[in-house]
Amino acid sequence: MEVDELECLPRLPRVAVCGGTHGNELSGVYLVRELLKMEKKVTKEEEEERVSVVMVLSNPRAMLQCRRYVDTDLNRCFTRATLNGPVSDVAPYEITRALELNRMLGPKGSPAAVDLVCDLHNTTANMGLCLIAYSDCDWICLHIFKHLQREMPDVPIRFIHFDVSSKESYSLDSVGKHGFAMEIGPQPHGVVRSNVYTAMRVGVQNMLDWVRFFNSGTIFEGGFVEVFSMVKHIDYPRDRETRTITAAIHPQLQDRDFCLLHPGDPLFQTFSGETLPYKGKEPLYPFFINECAYYEKGIALSLARKRRVMIPSIRVQTEQEQESYVQEFTSEEEE
């Protein structure tokens with residue numbers, strides 16, 4: 001693909017900004033509450049600019065209890081199988097809530113789905129601001145990422161790619177035609193830090209500004225961006241019988257998210273003081289290092305490869321181009 005290739009993409013008239021998918025990740029909770037206070041003023045501006053923004057507090061019960069979830073992780077409930085499967089009267093709360101959100105913002109994979117979902121999250125890991133998406137060729141998401149990097153030079157901003165199919169994609173952002181999680185840390189769960197909240201607020205505002213620029217016909221130039229593609233997760237060392245952890249992240253690795261980890265580098269330090277090295281065959285980039293919420297998932301950290309991805313220049317489609325796209329999209333879904 002040539003850098004100067006121009007892609008014409010559909011308008012983005014409907015955007016969803018979601019917070020509280022995890023009820024104890026408070027930057028998104030407080031930001032969406034603040035945006036809801038400003039809803040009348042924002043709506044008037046957006047009507048003039050042909051974009052509608054819906055603000056969603058995703059998991060209200062978990063928010064009330066300041067817990068990640070009530071029964072099960074809401075951000076793992078949006079696979080096609082879960083959304084299309086039978087639901088009993090005793091289903092976990094988050095399953096029924098996922099179906100409600102899918103009706104509100106989707107249905108997932110349909111022409112009726114919102115055009116872009118930005119789902120707000122916090123991490124206890126030292127990751128700065130990350131956009132996490134299932135595609136490394138969604139030009140909308142990658143151009144938003146490039147825009148944030150340009151507009152927020154003092155904040156480390158990275159793009160993480162999870163190579164998961166649309167059928168198996170499991171998080172709330174997968175309900176939209178385009179979507180990503182905006183993950184910002186470090187911030188303890190159940191706590192809101194002003195600097196982290198501010199970075200999220202500015203990131204969301206720049207994202208919405210980009211959408212308005214795009215819808216108004218601005219041409220965005222292509223180029224290269226760096227993408228971290230997830231390779232694997234690593235669990236903590238565990239006792240074979242009790243399955244309790246026997247080591248913590250090594251002090252030399254703690255807080256060094258996205259710093260290259262080489263074979264032989266310190267990885268864990270056992271509770272008796274022994275250093276356990278990284279035994280991988282290639283250098284990889286760690287992230288979500290010692291994330292508090294991942295202890296229950298058996299993840300001490302994740303590892304990624306860094307790649308350069310070439311993205312094309314883009315502009316919004318004309319009305320005629322938009323009609324052709326809708327027909328093609330509908331035909332693909334029917335197949």
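The values are calculated or read from the model by the stated rules, or taken from the named source; none is laboratory data. None of these values were measured; they are calculated from a predicted model. Because the Cβ atoms are built from the backbone with ideal geometry, glycine has one as well, and the counts that use them run over all protein chains shown. When the accessible area is computed, the model is the full protein with side chains, heavy atoms only, and any ligands, DNA or RNA have been set aside. Shrake-Rupley method; radii C 1.70, N 1.55, O 1.52, S 1.80 Å.
A cut-off under 10 angstrom between Cβ atoms defines the neighbours of F214, and their net charge, with Lys, Arg +1 and Asp, Glu -1, is +2. The trypsin sites (Lys or Arg not before Pro) found in the range 160-194 that occupy coil by DSSP, while having at most 11 further C-beta atoms within 10 Å, are K167. Amide hydrogen proximity for L284: with H placed 1.01 Å from N in the peptide plane, the residues at 5 or more positions away or on another chain lying under 5 Å are L261. Computed in the context of the full set of protein chains, the accessible area of the chain at 1.4 Å probe radius has 49% of its extent on carbon or sulfur. Of the residues Y285, F78, F220, the one whose Cα sits farthest towards the positive end of the charge dipole of the chain is Y285 (charges of +1 on Lys and Arg Cβ, -1 on Asp and Glu Cβ, taken about the Cα centre). In the assembled protein chains, R256 presents an accessible area of approximately 120 Å² (probe radius 1.4 Å). Taking other residues whose beta carbon is less than 13 angstrom from the beta carbon of L120, and scoring Lys, Arg as +1 and Asp, Glu as -1, yields -3. In this structure, D239 and S88 have a Cβ-Cβ separation that, at R0 = 35 Å, corresponds to a calculated FRET efficiency of about 0.45. Here the simple spin-label model places points 7 Å from the Cα toward Cβ, and for M104 and L64 these points are separated by 1.5 nm. Accessible area per residue for the chain is 48 Å², calculated with a 1.4 Å probe on protein heavy atoms, without ligands, DNA or RNA.
Applying D = kT/(6 pi eta Rh) to the range 129-205, where Rh is the Kirkwood radius over alpha-carbon pairs, T corresponds to 4 °C and eta to 1.567 mPa s, the Stokes-Einstein value obtained is 97 µm²/s. Each Lys or Arg adds one and each Asp or Glu subtracts one; over the other residues with Cβ under 11 Å from the Cβ of A98, this totals +1. Per-residue ellipticity at 222 nm computed for the chain from its helices equals -9000 deg cm²/dmol, with DSSP H segments shorter than 4 residues left out and the rest contributing -39,500 (n - 2.57).
Using θ = phi - 60° in the Karplus curve 6.51 cos²θ - 1.76 cosθ + 1.60, the 3J(HN,Hα) couplings for the range 209-226 round to 4, 4, 4, 5, 4, 4, 5, 7, x, 4, 8, 9, 6, x, x, 9, 10, 8 Hz; x is entered for Gly and Pro. Loop-located chymotrypsin sites (Phe, Trp or Tyr not before Pro) in the range 218-314 (DSSP state other than H, G, I, E, B) with a sparse environment of at most 16 neighbouring Cβ atoms within 10 Å: F271, Y295. Among E291, E319, E183, the residue with the largest mean-square fluctuation in a Gaussian network model of the chain, with springs joining Cα atoms closer than 10 Å, is E319.
Only one of [x] 1.32; [y] 0.95; [z] 1.02 was calculated from the structure for Cα Rg over 2.2 N^0.38 Å, and its label is [z]. Taking the DSSP bridge list for the chain and keeping only pairs wholly inside it, about 50 percent are antiparallel. The listed residues D163, D257 rank as D163, D257 when sorted by accessible area, largest first, using a 1.4 Å probe.
Taking 29 Å as the limit for the C-alpha separation, the pairs K177/K306; K167/K279; K146/K279; K37/K177; K177/K281; K167/K297 exceed it in the case of K167/K279; K146/K279; K177/K281.
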